Amino acid sequence: MSQQYSPAGFNLLPPVVKNLLIINGLFYLATLSLDTAYGINLVNILGLHYFKSDLFRPYQFVTYMFLHGGFSHVAMNMFALWMFGYLLENVWGSKRFLTYYMITGIGAAIVQVFMQWIDISSVQAAASAYGANPTLDGFIGFVRHHYPVYYNAPGPLRSFINEWTLAKNSPGYAGQSLDYIGQLLKLQMDVPTVGASGAVYGILLAFGMMFPNMLVYVYFLFPIKAKWIVLIYGALELYSGISNNPGDDVAHFAHLGGMIFGFFLILYWKKKTGLYT
């Protein structure tokens with residue numbers, strides 16, 4: 001990163017950034033060790049679940065941001081947290097930086113659950129329509145449209161469809177298809193969201209707003225101004241979220257949620273104090 005600002009007391013590893021790095025690292029190690037040693041799945045306990053899931057707990061709006069899905073996930077998030085966060089904490093101070101981090105992380109969770117509600121509500125409406133007239137063609141169409149990953153993968157669902165195709169007039173398959181739809185909906189509701197990405201995207205947004213012309217070296221190769229990085233990443237997340245590609249398990253709208261909450265929080269602070277800082 002091109003260094004253009006060095007306030008008094010400047011610290012490359014200020015306290016909140018340092019402690020967030022440590023806490024996220026400890027949670028990652030705990031996730032691995034508890035699952036291996038005791039079969040305790042921290043992701044199911046602390047990861048963010050849809051509010052109608054049996055696994056949902058309100059505290060997950062906070063705890064989800066300290067869990068990650070793998071080493072590369074936590075490593076990339078923590079590197080971005082340090083890269084863009086240390087300067088913000090030096091400028092804002094630790095209290096304001098931590099407030100911003102938590103609000104954008106929780107805001108990202110709120111947006112993620114809201115988008116899940118929109119998606120799941122549409123699936124439930126389609127499931128109700130199918131339940132009024134369950135047929136083989138209707139079931140195939142429902143699964144292919146709403147759960148293409150399960151439709152294309154070998155397994156019990158594909159075997160069930162093949163069996164029903166060979167016995168179209170058997171009355172029992174229609175009832176079984178309704179059970180399958182219920183199971184698919186439950187699976188969708190029980191998928192957890194984890195990661196600090198929402199808060200990190202909020203930090204990226206703040207960095208771009210406060211230091212729009214500061215040069216950042218992308219992959220350490222070529223420089224680009226911070227404001228363009230924010231715009232590019234925001235556009236990519238919006239496109240990916242709208243595309244909703246099958247098999248894409250990234251919470252794109254959570255990333256956007258962190259940026260949205262960060263944007264309005266910074267505007268609030270600016271209106272209150274007349275300055276971003």
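Brief remarks follow.
- The protection proxy used here, the mean number of other Cβ atoms lying within 10 Å of each residue, ranks peptides 45-57, 202-214, 112-124 as follows, highest first: 202-214, 45-57, 112-124.
- Total charge dipole magnitude, the chain, about the Cα centre, Cβ charges on Lys, Arg, Asp, Glu only, Debye to nearest 20: 920 debye
- Shape box of segment 83-172 [Cα atoms, principal axes, largest first, Å]: 71, 27, 16
- Mean Kyte hydropathy of 0.5 or more with a Cα span along the axis of at least 20 Å, helices from DSSP in the chain: 15-38, 71-92, 94-132, 226-243, 252-273
- Scattering profile of segment 1-152 at q = 0.17, 0.18, 0.20, 0.21 Å⁻¹ [log10 I(q)/I(0), Debye over alpha-carbon scatterers]: -1.06, -1.12, -1.23, -1.28
- Note: relative contact order over segment 124-190, using C-alpha pairs below 8 Å and six or more positions apart, is 36 percent.
- Cα-based convex hull, segment 63-120, per residue volume (Å³, whole number): 94 Å³
- Sites matching trypsin sites (Lys or Arg not before Pro) across segment 144-185 that sit in DSSP coil, with at most 10 neighbouring C-beta atoms within 10 Å: 168
- Treating each Cα of the chain as one equal point scatterer and applying the Debye formula with no solvent, the log10 of I(q)/I(0) at q = 0.11, 0.12 Å⁻¹ comes out as -0.72, -0.82.
- When segment 193-257 is reduced to its Cα atoms, the Kirkwood hydrodynamic radius in Å: 12.6 Å
- Relative contact order (percent, whole number), the chain, Cα cutoff 8 Å, 6+ residue spacing: 27 percent
- Anisotropy class of segment 124-190 from Cα gyration tensor, a/c 1.5 cut: oblate
The numbers here are math on the coordinates, done by the rules we state, and not lab data. This is a predicted model, so every value here is computed, not measured. Because the Cβ atoms are built from the backbone with ideal geometry, glycine has one as well, and the counts that use them run over all protein chains shown.
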